Amino acid sequence: MRDIAFTPRPTWADIDLAALEANFRAIKAFIGDEIKFLAVVKANAYGHGAVECSRTLVSAGVDWLGVALVEEAVELRSAGVNVPILCLGGVWPGQEEIIIDKDLTPAIFRIEDAQRLDARAKEAGAMVNVHLKVDTGMGRVGVRGDAFGAFVDAVSECRNLRIDGLMSHFASADDTEALEFTMGQMNCFDDALAVLIARGIEPTFIDLANSPGAICHPRSRGTMVRIGGILYGLGDDVIPREVPQPGLLPVMSVRSKVALVKDIQRGDSVGYGRRFIAKRPSTIATVPIGYHDGYRRGFSGHVEALVNGFRVPVVGAISMDWITVDVTDLSDAKVGDEVVLLGRDAKNAVSAADLAKTINSISYEITCGISARVPRNYINADNVLD
Ligand SMILES: *Cc1c(COP(=O)(O)O)cnc(C)c1O
């Protein structure tokens with residue numbers, strides 16, 4: 001038996017690692033070199049490929065990586081990524097040994113997790129760094145301010161854990177109208193830090209800022225920032241236009257090729273539910289991408305694609321594996337022409353924020369949603385060390 005090489009469907013995502021590195025450097029320069037930089041690479045680096053993005057960021061000098069799940073951290077360690085990794089989602093029962101073995105740093109917000117981890121660390125003769133998470137207004141994970149003192153006292157009983165970080169998370173740092181709430185979060189965070197200091201604990205890592213926090217609220221930068229979205233060029237809907245900000249480049253683009261071109265008559269319909277009825281004799285190009293690829297069905301009727309340097313409307317309902325675009329106004333669309341669903345050509349661009357707006361979402365959900373069926377093609381990777 002031999003493996004037969006074959007050509008895949010021509011639908012792919014280009015991931016521009018030079019753009020990722022440029023974004024990292026631009027953000028770092030904007031924030032200041034003295035502040036530690038944690039790059040958030042959870043959710044497969046917001047869909048961009050966690051291993052490749054992490055390698056690029058590590059070679060560019062990132063201090064920390066952040067993931068949601070211990071599983072994600074283990075994947076990075078297996079790929080040889082050796083910088084400190086913060087597990088934002090904490091540690092679930094049964095993950096103590098892998099935390100110790102892979103030298104991971106969990107966020108801690110349940111005392112039972114600390115106690116189990118401490119017990120396992122004692123057995124292993126290990127000292128484990130942990131970062132405490134205080135809830136300053138997000139209301140999701142983290143210990144509320146009024147319970148924080150007792151929580152610190154309980155974690156302090158865990159002799160094989162070292163409290164080396166204090167963190168919290170913003171709810172609305174991107175919203176200029178919510179300034180008062182955001183200031184309240186910063187004050188609450190300062191109070192939590194005071195609780196630690198009053199007990200003689202001075203964590204190395206004091207981090208509150210996500211992308212909008214780090215850019216819009218300098219006071220929130222602490223000793224480290226946790227940056228996700230803007231690293232991938234997804235600033236449009238998390239950084240208000242009017243605030244000073246670093247220049248960012250989009251990192252992901254999604255491309256495909258025309259599979260079929262056909263002429264239809266006035267009155268003919270296209271696709272499920274006959275949502276498109278031709279108002280004129282039309283030329284329709286069929287493109288092999290659909291909602292299983294993360295090209296969301298909700299885009300139907302609201303988005304454009306780029307073909308041969310022109311913006312063309314995506315018409316009819318988006319199916320699982322196909323879309324149809326109206327290329328009537330192009331003289332020369334043909335099978336094999338490149339179609340840009342997300343990204344830019346020489347003249348035009350479709351941003352993740354443009355797509356997101358049509359489904360009442362944010363750009364992060366668009367790139368995260370480009371599914372595993374779409375192969376990632378890493379470009380400009382010369383800077384990536386093996
Ligand atoms: C996802 C996440 C971040 C990064 O947020 P961005 O807006 O993508 O910069 C930072 N901290 C925590 C706890 C997160 O969950």
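In region 145-167, the residues that are away from the ligand (no atom under 16 Å from the Cβ) reach residues that are modelled with pLDDT of 95 or more and of a type in the set (Lys, Arg) with C-beta atoms within less than 7 angstrom, at least six apart or across chains, in these pairs: VAL152/ARG199; SER156/ARG199; ASN160/LYS122.
Could you run through region 122-141 and say how many residues are within 16 Å of the ligand (Cβ to nearest atom) and out of contact with any helix residue (DSSP H, G or I) (no Cβ under 9 Å at 6 or more places or on another chain)?
5
Evaluate region 239-259: report whether one residue or more is more than 16 Å from the ligand (Cβ to nearest atom), among the hydrophobic types (A, V, I, L, M, F, W, C) and not in a loop (DSSP other than H, G, I, E, B). Yes, because at least one residue in region 239-259 is more than 16 Å from the ligand (Cβ to nearest atom), among the hydrophobic types (A, V, I, L, M, F, W, C) and not in a loop (DSSP other than H, G, I, E, B). Selection of region 320-353 for residues being buried (at least 18 other Cβ atoms within 10 Å of the Cβ) and out of contact with any strand residue (DSSP E or B) (no Cβ under 8 Å at 6 or more places or on another chain) yields only ALA353.
Exactly one residue out of ALA13, ALA39, ALA45 is under 25 Å from ILE362 (Cβ atoms), modelled with pLDDT of 95 or more, buried (at least 23 other Cβ atoms within 10 Å of the Cβ) and more than 16 Å from the ligand (Cβ to nearest atom), and it is ALA13.
When you look at GLY343, is it closer than 20 Å to ALA285 by Cβ and touching a residue at least 60 places away in the same chain (Cβ under 8 Å), yes or no?
Criteria met by GLY343.
Any residue that is in a helix (DSSP H, G or I), surrounded by fewer than 21 Cβ atoms within 10 Å (Cβ to Cβ) and in contact (Cβ under 8 Å) with a residue 12 or more places away in the chain - is there at least one of those in region 127-137? There is no residue in region 127-137 that is in a helix (DSSP H, G or I), surrounded by fewer than 21 Cβ atoms within 10 Å (Cβ to Cβ) and in contact (Cβ under 8 Å) with a residue 12 or more places away in the chain. Number of residues in region 63-115 that are over 24 Å from the mean Cα position of the chain (by Cα), surrounded by fewer than 19 Cβ atoms within 10 Å (Cβ to Cβ), more than 16 Å from the ligand (Cβ to nearest atom) and not aliphatic (A, V, I, L, M) equals 6. Considering region 16-36, and only residues there that are closer than 20 Å to CYS216 by Cβ and among the hydrophobic types (A, V, I, L, M, F, W, C), the residue that is nearest to the ligand (Cβ to nearest atom) turns out to be ILE27.
The values are calculated or read from the model by the stated rules, or taken from the named source; none is laboratory data. Computed from a predicted structure; not experimentally measured. Cβ: placed from backbone, ideal geometry, glycine included. Neighbour counts: every protein chain shown.
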